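**Student:** This is the structure, below, for whatever I ask next.
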Amino acid sequence: MTLLKLENIKKSFNLGPLQVNVLRGVSFEVKTGEMLAIMGTSGSGKSTLMNIIGFLDQPDSGRYLLENRETARLSDSELSAIRNKKIGFVFQQFNLLGRLTALENVCIPLVYRGIPEKEQKSMSMEILEKVGMADRAGHKPMELSGGQQQRVAIARALVGSPSILLADEPTGALDTRVGQEIMNLFLELNSTRQITTLIITHDPRIAAQCPGTILMQDGYIADREESQ
Amino acid sequence: MIIKANLREAARSLISSRQRSILALLGIVIGIASVIALVSIGTLAQQESMRQFKEMGTDILSIQTANDRGEDKSKGFKLQKILKIPENLSSISIVAPYASSYGELRKDGKRINIPAMGVTESFFQMNRLAMTEGRFISDLDGITPHACLSSNLAARLKAQGIETNPGSELYYNNRKITVIGTIEPVAIGPMRPYEIQEGILLPITALLHMSPQSIISTFMARLSPGFTTALGTEEIKTCFSDLTESMKLRIISPEEMIAQMERQFQMFTLLLGAIGSISLIVGGVGVMNVMLVSVTERKREIGIRRALGARKKDIQWQFLIESVLLSLVGGFVGSFIGVATSWGIARFSGWQFEIVHGALILGVGVSVAIGIFFGYYPARQAAALNPIQALRTD
């Protein structure tokens, strides 16, 4: 089943007098349960593409269908609701809130859904257990290692059962061994729970472990490989 | 649910930037405290004067001599002439002249400066006083220095271990005086001289004898039943029409007193109101400043929250709740200080104290309003941040 479909997506930015065409017509499809790596040099447009897929940004032109629904011209509230329910973000810098405990960080997406606190806690604990962080639920991010923080961040991205997991250089701030552990977690989540995953990465070793790869170049998709 | 989570979040964020929050609050604390103190003190003072009129009645006049400019010394009223007024004027039933002085009370090497007042026997009834112990001054005391202590003075003396029961002897301006009684505390207002509460009372002839420079500058007069203040005023004016040009008569009626008091309250209210509003504006700007810094510092947090599904509205609420909570804390602290101040002033002035609820509601209401008004702009800014740029900030 097609989960998301991009058709001729274009996006440009004005940098002073200069107009930079970051995306010059990107089209591709992602099926439910797929796991894709998005590779490309910096400036190739992969981050902008990620922002558009994650509804943090909207394209200038082109169509974006998520679960067969047109997503153009949505209001801020509607975009926020889609991010909240359909998208799970994982960032390079983990982006946990320092004042909150691991458990409270995982609860955030549920808070914005208006789920009662008790339910938030039980749902979050359940997902923390899945990523192996249940015993650290009461710790602040400062008290956790990088790999542990990223596990909490993944739990936060997954807690709302999103349609798609968007990871932007998830192993970029970790050493190779811990990075590989995080990668194993993504692979495991994808194979056991069929979680659709897009991973932006520079690292060919990470990309090689993904069943599919999209190569971005100068605002176009230069290549798409499926290893199967 | 979101409100509850936001409140907890706001409290945490304020606590984590404790120093900044406390500094920002100073303005609000001072503003709210002065507003509360102002409203409470005004209300308490008004209640106190009303209580005085309730105790004394409003059928009284206070007659003072006033010097014209250029004349240093007034001779004051003649005692004999005043005492004959109830006989001569049909509108006046009782008169109570008094003379004031200020001196040093001494006993066992301890010295206190106090006001003293010379009064006649009629003063007791005029002011509707009561005795805690002993008796009041009698016209038969003549120039014998028999003294009645006011309640506050008696308490002060007792605190220093000085005997105050009838028969004890004290020295006023180096003259021996004998205590004959202590007056019960009464409500003090514009009609009752404050010596009733703070000083000693002596027979008027004794006081004039002991301090020759004192004069009878004032007497109080109670109207006979059925006579109006206007009539009484008119009769007294005619009676004193033979006064020299340099000595003017000032007759004050309760109506006039109340009007004058109200004018004074208005001035007082205006002044403290101005101080209060200025500190509140300064406090509000402080809150806005803290919130703007907080928004700048937490851009990344805002970006993260937006990515996780927070709507602009949610972010706006989060920061608005934080600023309201901040100024509400200021409001509570300020209310507490304001109430404490009015309590202190009421105690010092010998008024009955009570918490003025209207003032508290005003204080809390105003602080919430400040939180909303000065927090709105920073909250709007936070909500308007572009999530992508917010996420990229360090």
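The values are calculated or read from the model by the stated rules, or taken from the named source; none is laboratory data. Only a predicted model underlies this, so the values are computations on that prediction, with no experimental measurement involved. Cβ sites come from the backbone with ideal geometry, for glycine too, and all protein chains shown count toward neighbours.
**Student:** Name the residue, out of B:253, B:214, that is touching a strand residue (DSSP E or B) at 6+ places or on another chain (Cβ under 8 Å), over 30 Å from residue B:373 (Cα atoms) and not assigned by TED's automatic domain parsing to the domain that holds residue B:100. Reasoning before the result, please.
**Tutor:** Values: B:214 fails: not assigned by TED's automatic domain parsing to the domain that holds residue B:100.
Answer to the check: B:253.
**Student:** Would you mind listing the helices (runs of 4 or more DSSP H) fully within segment B:1-109 where at least 2 residues are surrounded by 14 or more Cβ atoms within 10 Å (Cβ to Cβ) and within 14 Å of chain A (Cβ to nearest Cβ)? Give the derivation first.
**Tutor:** Working: elements: B:2-16, B:18-56, B:79-83, B:85-88.
Answer list for segment B:1-109: B:2-16.
The rows are residues; the columns are (1) among the acidic types (Asp, Glu); (2) touching a residue at least 60 places away in the same chain (Cβ under 8 Å); (3) not in a helix (DSSP H, G or I).
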position	(1), (2), (3)
B:217	no, yes, yes
B:230	no, no, no
B:242	yes, no, yes
B:269	no, yes, no
B:273	no, yes, no
B:288	no, yes, no
B:305	no, no, no
B:309	no, no, yes
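**Student:** Could you list, in sequence order, all residues of segment B:281-306 that are in contact with a Ser or Thr (Cβ under 7 Å, 6 or more places away or on another chain) and away from chain A (no Cβ under 14 Å)?
**Tutor:** Selection gives B:287, B:290, B:291.
**Student:** In segment B:117-173, which residues are aliphatic (A, V, I, L, M), closer than 16 Å to residue B:106 by Cα and in contact (Cβ under 8 Å) with a residue 24 or more places away in the chain? Quick ask: steps written out before the conclusion?
**Tutor:** First, the residues of segment B:117-173 that are aliphatic (A, V, I, L, M): B:117, B:119, B:126, B:129-131, B:137, B:140, B:143, B:147, B:149, B:153-155, B:157, B:159, B:162, B:170.
So of that shortlist, the ones also closer than 16 Å to residue B:106 by Cα come out as B:147, B:149, B:153-155, B:157, B:159, B:162, B:170.
Listed by number, the residues that qualify are B:147, B:149, B:153, B:154, B:157, B:162, B:170.
**Student:** Restricting segment B:336-364 to residues that are closer than 29 Å to residue B:289 by Cα and at pLDDT below 90, which is nearest to the other protein chains (Cβ to nearest Cβ)?
**Tutor:** Taking the candidates together, the pick is B:364.
**Student:** Exactly one of (1) crowded, with 18+ Cβ neighbours inside 10 Å; (2) hydroxyl-bearing (Ser, Thr, Tyr); (3) out of contact with any Leu (no Cβ under 7 Å at 6 or more places or on another chain) is unmet by residue A:176. Its number?
**Tutor:** Every condition holds for residue A:176 apart from (1).
**Student:** Something else now. Residues that are closer than 27 Å to residue A:113 by Cα: list the strands (runs of 3 or more DSSP E) wholly contained in segment A:26-94 that include at least 3 such residues. So that I can check it myself, show each step before the final result.
**Tutor:** On the way: elements: A:35-40, A:61-66, A:87-90.
Hits in segment A:26-94: A:61-66, A:87-90.
**Student:** If we keep just the residues of segment A:105-119 that are part of a helix (DSSP H, G or I) and facing chain B (nearest Cβ under 9 Å), which is nearest to residue B:298 (Cα to Cα)? Walk me through how you get there before you give the answer.
**Tutor:** First pass over segment A:105-119, keeping only residues part of a helix (DSSP H, G or I): A:105-111, A:117-119.
Of the ones still in play, those that are also facing chain B (nearest Cβ under 9 Å) are A:107-109, A:111, A:117.
Working: A:107: 19, A:108: 16, A:109: 18, A:111: 19, A:117: 24 Å.
Applying the filter and picking the extreme gives A:108.
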